[in-house]
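Notes to accompany the following structure.
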Amino acid sequence: MAAMNCPACHKSDLTSDACPRCGCDLARLHKVDRAATMHLRQALECLESLHWPGALSHASNSWALRHSAPAARIAFLAAAAMGAAGQMTRWRRRAGKE
């Protein structure tokens, strides 16, 4: 389980399902984080097997759940391999912001 900050009181480095400071329920946020990680792993697998549309799809899904530079970079590479210039530009910008 990845550490996160409480969205209510901003206590940092939390790995439990509830914030010890304010009691905020973090279980759903952890679930979203796990789903983003799963999509990122699948995107890497697709990238390694040269399945560009799958890599782009999973990287996009990961990005939608958690904006991360690795997801944007994989999406950029997949878009480049597919020759999708417009998507390449968008993902390049996103990769640079993270």
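Read the figures in this text as sums done on the coordinates, not as results from a lab. Being a predicted model, the structure only gives us computed values, none of them experimental. Quick reminder, even Gly has a Cβ in these numbers, built from the backbone with ideal geometry, and neighbours come from all protein chains shown.
Residues in segment 71-98 that are basic (Lys, Arg) and under 12 Å from the mean Cα position of the chain (by Cα): how many?
Counting residues in segment 71-98 that are basic (Lys, Arg) and under 12 Å from the mean Cα position of the chain (by Cα) gives 2.
Any residue at all in segment 53-76 that's in contact with a His (Cβ under 6 Å, 6 or more places away or on another chain) and either of a type in the set (Phe, Trp, Tyr) or over 30 Å from residue 11 (Cα atoms) (or both)?
yes
Which pairs have Cβ atoms under 8 Å, sit 6 or more apart or on different chains, and link a residue in segment 15-27 that is without any contact (Cβ under 8 Å) to a residue 60 or more places away in the chain and farther than 12 Å from residue 4 by Cα to one that is hydrophobic (A, V, I, L, M, F, W, C) and in a loop (DSSP other than H, G, I, E, B)?
Within 8 Å, the pairs are 21/6; 21/9; 22/6; 22/8; 22/9; 24/6; 24/8; 24/9.
Collect the residues in segment 64-82 that are over 13 Å from residue 92 (Cα atoms) and either part of a helix (DSSP H, G or I) or of a type in the set (S, T, N, Q) (or both), keeping them in residue-number order.
The answer is 64, 65, 81, 82.
May I ask you to verify whether residue 43 is part of a helix (DSSP H, G or I) and touching a Gly at 6+ places or on another chain (Cβ under 8 Å)?
yes
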